[in-house]
Amino acid sequence: MNIMSQKTAVLYARFSCSKQREASIEDQLRVCRDWCSREGYAIVAEYCDYAISGRTDDRPQFQKMIANAGESDIVLVYMMDRFSRDPFDAPIYKRELQAHGVKLVSALEAIPDSPEGIIYEKLLEGLAACESRKTSIRSRRGMEGNALQCKTNGVRCFGYRTGDDGRYEIVPEEAEIVREVFRRRTHGESVNSIAMDLRQRGVVSRAGNPIKDTFVNNMLHNDKYRGIYSWGGITQKDGMPRIISEEVFMKAQRVKGKKQRQNEQWGDFALSGRVICSACGRNMRGVSGRGSSKRKYEYYACGSCKEVKPVRRDWLEGQIVKALRELLSQPEEARRIAEMCVDGGEPKEIAEGRKRAAAALRAAQTGLSNILKAVEQGIVVPGTKERAEELEAQKDRAERELAMYDRKRIDPENFARFLQFGATLTDELLLDAFVYQVMVSDDAVVVTMNFDAESNEPARLEVSRVRTFFKWCPVCKNTRTMMTVVNGAVYLMMPRAA
């Protein structure tokens, strides 16, 4: 046969996961080569993507094949799902091939060249996308099951490795580095200094990269080192071996940055690291300046956007202490405040979240009940087992979410005791114990206070720095001070000094 008149084809093969055999690529190519030999096509190129999902078009060889469209009459794949598993990508790239006069052909799926073939081809695309989504759901369900058993799920962490049981186990030499980092930080050494020393000693991350400031900073805030396991919203205390004690971990969180000008006598910025600029959301650091009389003043100022005016340290800390003491001085007032805040009801986002979780739980219970009734009547259809497993997973997730929302409920008596706890503390201890965050704007100051409903005493909470929902209620005799509770955290609001 004259090669110039012979029909041509390029072959495309792919497999999705690194756990699959590379031989599967050879199997696909072998079937495609046999098809070309049988149908009289000359192969002009072969493109293969290894361990890349068909749900993405970010595949190097796939994109190269599309870019070279026109070099052959057809693109031949083992099956249509090898080309793409995404319901949107498949028709887009098929159209791109057709624009260059190239047809997509499956070696194992005989798609008729007729109007009916269009329906069959679309059905194959839909089945591929459906199977991909089901695989994703099954994988997620399996990983959630692993998370409930505190298994690593492939998440690496310096200081740990995956044990034979799939759970985290300590790597002694790396754990010693972690302990050293926390020990040095609690003695006041800067993150930059620790990272530089580790880098010079040749210590590298689990990925083999030199140690940087961000690595050390992330290490100092990583709850895994105090035994808290977390994955995909599933959190379990004591779910993995501790490297750092709770006391040392919390002490490291409270370390303040070194002052830049050691030759000056600086005041103690008690709120360092907790004063936030309302314009950009970044920390307002402690700075000083001198007036015309050479008197020194100390401020909290934003060094990033500089849109919010600096606020004097003595005024800010003094006003917060004064407002706190007014709130905490009388037991009767504390109980009244607690009851008022709790009676205000849940924030909107929590109420909506609880409603969604309850609806998901009811739907799962109804679905499981219907499946059980069908099985009792002898009605068993394909996919019944898989659907039941999906509903069980949905039920477990909904129950966990409802339990989480229940933990956020505030008991009035516990809250009242919390409010009275700070009445006898020194100013510095009062700020350290009760204040989580101070949001400063040109018009007002919003103070977020700490509260741990389980231990009934102040504690640091893992919450986002910037909150978007506020509900104010007046509770102080000084009506210029406002207070509220959101997500278990307590807020004070006071006007900013002119």
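Among the residues of the stretch 91-136 satisfying the criterion of being of a type in the set (Val, Ile, Thr) and surrounded by 14 or more Cβ atoms within 10 Å (Cβ to Cβ), which is modelled with the lowest pLDDT? Steps first, please.
Initially, the stretch 91-136 is screened for residues of a type in the set (Val, Ile, Thr), giving 92, 102, 105, 111, 118-119, 135.
In the following step, the residues that additionally are surrounded by 14 or more Cβ atoms within 10 Å (Cβ to Cβ) were identified as 102, 105, 111, 135.
Details: Val102: 93, Val105: 90, Ile111: 77, Thr135: 68.
Per the stated criteria, the residue is Thr135.
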The conditions are (1) farther than 26 Å from Ala252 by Cα; (2) in contact with an Asp or Glu (Cβ under 7 Å, 6 or more places away or on another chain); (3) assigned to a loop (DSSP other than H, G, I, E, B), and Ile137 fails exactly one of them. Which is it? (3)
Of the conditions (1) buried (at least 21 other Cβ atoms within 10 Å of the Cβ); (2) of a type in the set (Val, Ile, Thr); (3) more than 21 Å from Gly101 (Cα to Cα), Thr56 clears all except one; give me its number. (1)
Let me spell it out: the conditions are (1) under 35 Å from the mean Cα position of the chain (by Cα); (2) modelled with pLDDT of 85 or more; (3) aromatic (Phe, Trp, Tyr), and Phe88 meets all of them except one. Which number is the exception? (2)
State which residue is nearest to Glu428 (Cα to Cα) when the search covers only the stretch 217-258 and only residues that are within 16 Å of the chain's Cα centre (by Cα) and in a loop (DSSP other than H, G, I, E, B). His221
Among (1) over 23 Å from Cys130 (Cα atoms); (2) modelled with pLDDT of 90 or more - the single one Val77 does not satisfy: (1)
Looking only at the stretch 54-71, which residues are in contact (Cβ under 8 Å) with a residue 40 or more places away in the chain and either in a loop (DSSP other than H, G, I, E, B) or not assigned by TED's automatic domain parsing to the domain that holds Pro91 (or both)? Gly54, Arg55, Arg59, Asn68, Glu71
Filter pass, Val255 being at pLDDT 85 or above and among the hydrophobic types (A, V, I, L, M, F, W, C): no
One residue is enough: does the stretch 155-168 have a residue meeting the conditions part of a helix (DSSP H, G or I), under 16 Å from Gly239 (Cα atoms) and in contact (Cβ under 8 Å) with a residue 40 or more places away in the chain? no
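The values are calculated or read from the model by the stated rules, or taken from the named source; none is laboratory data. Every value quoted in this text rests on a predicted model; they were computed, and no experiment measured them. Every residue, glycine among them, receives a Cβ derived from its backbone with ideal geometry; neighbour counts consider all protein chains shown.
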